[in-house]
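Engineer: First the structure, which I've put down as structure tokens, then a few questions once you've had a look.
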Amino acid sequence: MTMQQTAPDFTLPGLDGRSYGLQEALASGPVLVAFWQAHCGACKTAVPYLNRLHEAYGDASWSFWAIAQDDEATAREFVRQYGFRPTVLVDRPAFAASDAYDPDSTPTLYLIAPDGGIELTVDSFDKAGLNEISRRISVCVGREYVEVAPPGDGVADFKPG
């Protein structure tokens, strides 16, 4: 997907039993959508950084949804094993959101502006991309920027998904 494209709408069930709809969430602020799979090495690498992003702006006016391309049981086990903190939605068995967004890899993150436009897409594990997402969220929610993926922390700056 290219920047400035309108984000496809979707509604998915969360692991918490609630239903989450994109258009409803955008009324409260930007939405970060992260497509992931439990067997994906780059997704596992991204977890601590995504958790930092969630912690940095968790109570501000934005939503962070991690869309599992796995079944519910596999997604629950991943969340438990890795301490994954964003709201986890399940896209199986129909893969409606995955088909609409067609991410090139996992993880793939889409920052969706309140007007419904895709502001930024980050493919794979990419520290610069994660920090840019943090920058843009901080501006949108009026908070101080938090560097969520610092250099020199012993993890490569990029890992393909």
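Engineer: Of all the residues that make up segment 38-97, how many are in a helix (DSSP H, G or I) and open to solvent by 30 Å² or more (accessible area, probe 1.4 Å)?
Structural biologist: Start the filter on segment 38-97 by keeping residues that are in a helix (DSSP H, G or I), which leaves 41-57, 72-82, 96-97.
Add one more test, that the residue is open to solvent by 30 Å² or more (accessible area, probe 1.4 Å), and what stays is 41, 44-45, 48, 52, 54-55, 72-74, 76-77, 79-82, 96.
Qualifying residue count for the region: 17.
Engineer: Quick one: what pairs do we get from segment 40-60, first residue closer than 13 Å to Ser138 by Cβ and of a type in the set (A, V, I, L, M), second assigned to a helix (DSSP H, G or I) and open to solvent by 20 Å² or more (accessible area, probe 1.4 Å), C-beta under 7 Å, 6+ apart or different chains?
Structural biologist: Close Cβ pairs satisfying both conditions: Ala60/Val141.
Engineer: Hey, Gly116 hits all of (1) within 15 Å of the chain's Cα centre (by Cα); (2) open to solvent by less than 10 Å² (accessible area, probe 1.4 Å); (3) not aliphatic (A, V, I, L, M) but one; which does it fall short on?
Structural biologist: So the condition that Gly116 fails would be (1).
Engineer: Going through segment 130-161 one residue at a time, which ones are closer than 16 Å to His54 by Cβ, of a type outside the set (Lys, Arg) and touching a strand residue (DSSP E or B) at 6+ places or on another chain (Cβ under 8 Å)?
Structural biologist: Once the filter is applied, which keeps residues that are closer than 16 Å to His54 by Cβ, of a type outside the set (Lys, Arg) and touching a strand residue (DSSP E or B) at 6+ places or on another chain (Cβ under 8 Å), segment 130-161 yields Leu130, Ile133, Ile137.
Engineer: Then there is this: Look through Ala7, Ala73, Ala66 and report the one residue that is modelled with pLDDT of 95 or more and within 13 Å of the chain's Cα centre (by Cα). Please lay out each step first, then the result.
Structural biologist: Details: Ala7 fails: within 13 Å of the chain's Cα centre (by Cα); Ala73 fails: within 13 Å of the chain's Cα centre (by Cα).
Checking each option against the conditions leaves just Ala66.
Engineer: Report whether or not Gly142 is modelled with pLDDT under 95 and either small (Gly, Ala, Ser) or under 22 Å from His39 (Cα atoms) (or both). Spell out how you get there, then give the answer.
Structural biologist: On the way: modelled with pLDDT under 95: yes; either small (Gly, Ala, Ser) or under 22 Å from His39 (Cα atoms) (or both): yes.
Judged against the criteria, Gly142 is a match.
The values are calculated or read from the model by the stated rules, or taken from the named source; none is laboratory data. Just so we're clear, the structure is a prediction, and the values are computed from it rather than from any experiment. Ideal geometry is used to build each Cβ from the backbone, glycine not excepted, and the neighbour counts take in all protein chains shown. We work out accessible area using only protein heavy atoms, side chains counted, and drop any ligands, DNA or RNA first. Shrake-Rupley method; radii C 1.70, N 1.55, O 1.52, S 1.80 Å.
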